[in-house]
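The values are calculated or read from the model by the stated rules, or taken from the named source; none is laboratory data. Since we're looking at a predicted model, the values are computed, not measured. Neighbour counts run over all protein chains shown; Cβ positions are idealised from the backbone, glycine included. The area values use the complete protein model at the heavy-atom level, side chains included, leaving out ligands, DNA and RNA. Shrake-Rupley method; radii C 1.70, N 1.55, O 1.52, S 1.80 Å.
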Amino acid sequence: MSVDESGLKELRSSVREFLEAKSPEEAVRKLMESEPRFDPDVWSQAAGQLRLPSLVIPEEYGGDGFGPVELGVVLEEMGRALLCSPFFSTVVLAVQALLASGDKEACARHLPGVAAGRTTATLAVAEDDGAWDPALVTARAVPDGDGGWRLSGRKSFVIDGTTADLVVVVARTVAGPSFFTVERSSAGVTAEAMETLDATRAMARLTFDTAPATLVGTDGAGGRIMAKVLDIASVGLAAEQAGGARRCLEMSAEHARVRHQFGRPIGSFQAVKHKCADMLVQVELAEAASREAALLAAEGAADFPVASAVAHASCSRAYMFAAMENIQVHGGIGFTWEHPAHLYFRRAKSSQLLFGGPAVYHERLLDRLGI
């Protein structure tokens, strides 16, 4: 299912209106220091009023069946507002992993709860080295003799890992990297919050000690599934980055108009003009790259994996550039804790590093190009 241009505008308007009311700067700062790192009431409202958790879940599992283009619109707005919520971990990571696995039984078991807003989920891949390459995974799963599995190991940088109801875990079996689902409340699972640069995106370290697990998809197919997940998740992250970069540009332009020095707006000075113009170029390129990749994903185009890697690289660079220039345009106040510029810089940096960092995603681009 897809919507036309007017429908996308209406979706963007509805989500922006909701986030302006529910995720102003004051709410973001409060949630950064709270546990859980999101407001359950706002999450319930997002599910009940806007049906955001169900957006891209197929109708057969209780969702609305929309695609990457609509998801991109929502993520741009969430990135713009720095929304603290389990949306990215649940919808962009865990849901996409379940769908990519092709395991209809697992999807039927878990996705209706996600669509209804009752279940939050996350994806646990990286370990202490921060790598999202399934070939580097050391966590192991072994059959328990009763048709199930027991999973042991440690995962780091798990988004919303202390609050997710369901954890989709990549672990190694005799056949190779594989996907499993684990209930976070199960015996043998412990979660510890991690202190990171970006407090708006909660991360955790999960330890599994022979925790009961259920195989998702085919044993040993983790590498193939993970490639699909990273392609679609990178586009989602790119949209979020583009939204944050656009907000940095808006903040800089507004400040350049209202801040006066020597009797004139600072935006009239050539140095500030150039900074804002350079930001605009980067933001426009980022939006174009992420939206084109989402469109190709929706069409099932053969060159979507390349477009995904390009969007990830372009939007990571653009967001970092816009966040840094936003601080410079604001001058001294841009460096202070009281100003929101640093919140966007922190999110830009954490997003840049999320799936392994620039070296890794440039290698991914070369791989998708067949080089």
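Only one entry in Ala233, Ala213, Ala204, Ala221 is touching a residue at least 40 places away in the same chain (Cβ under 8 Å), surrounded by 16 or more Cβ atoms within 10 Å (Cβ to Cβ) and within 19 Å of Tyr319 (Cβ to Cβ), namely Ala233.
When segment 175-196 is filtered for residues that are assigned to a loop (DSSP other than H, G, I, E, B) and touching a residue at least 24 places away in the same chain (Cβ under 8 Å), the ones remaining, listed by number, are Ala175, Ser186, Ala187, Gly188, Thr196. Filtering segment 338-371 to residues that are out of contact with any Gly (no Cβ under 6 Å at 6 or more places or on another chain) and among the aromatic types (Phe, Trp, Tyr) leaves Phe345, Phe355, Tyr361.
From the set of residues in segment 83-115 that are assigned to a loop (DSSP other than H, G, I, E, B) and touching a Gly at 6+ places or on another chain (Cβ under 7 Å), which is least open to solvent (accessible area, probe 1.4 Å)? Ranking the candidates gives Asp103 first.
Candidates in segment 325-342 are the residues that are free of Cβ contacts under 8 Å to residues at least 24 places away in the same chain and among the aliphatic types (A, V, I, L, M); of these, the one that is most open to solvent (accessible area, probe 1.4 Å) is Ile333. Is segment 55-70 home to any residue that is among the acidic types (Asp, Glu), crowded, with 24+ Cβ neighbours inside 10 Å, farther than 18 Å from Asp165 by Cβ and at pLDDT 95 or above? No, segment 55-70 has no match at all. Take the residues in segment 237-294 that are within 20 Å of Leu19 (Cβ to Cβ) and either free of Cβ contacts under 8 Å to residues at least 12 places away in the same chain or outside any helix (DSSP H, G or I) (or both), then tell me which one is most open to solvent (accessible area, probe 1.4 Å). Ranking the candidates gives Glu254 first. Test Tyr319 against the criterion of being in contact with a Phe, Trp or Tyr (Cβ under 9 Å, 6 or more places away or on another chain), in a helix (DSSP H, G or I), aromatic (Phe, Trp, Tyr) and more than 21 Å from Leu365 (Cβ to Cβ), and give yes or no. Taking the combined requirement at face value, the residue does not satisfy it.
Under the condition of being touching an Asp or Glu at 6+ places or on another chain (Cβ under 9 Å) and surrounded by 24 or more Cβ atoms within 10 Å (Cβ to Cβ), which residue from segment 116-127 is nearest to Arg140 (Cα to Cα)? Ranking the qualifying residues of segment 116-127, first place goes to Val125.
If you check Arg118, Arg172, Arg154 for being part of a strand (DSSP E or B) and more than 14 Å from Ala221 (Cα to Cα), only one passes: Arg154.
Here Ser290 clears all of (1) at pLDDT below 90; (2) under 11 Å from Ala238 (Cβ atoms) except the condition numbered (1).
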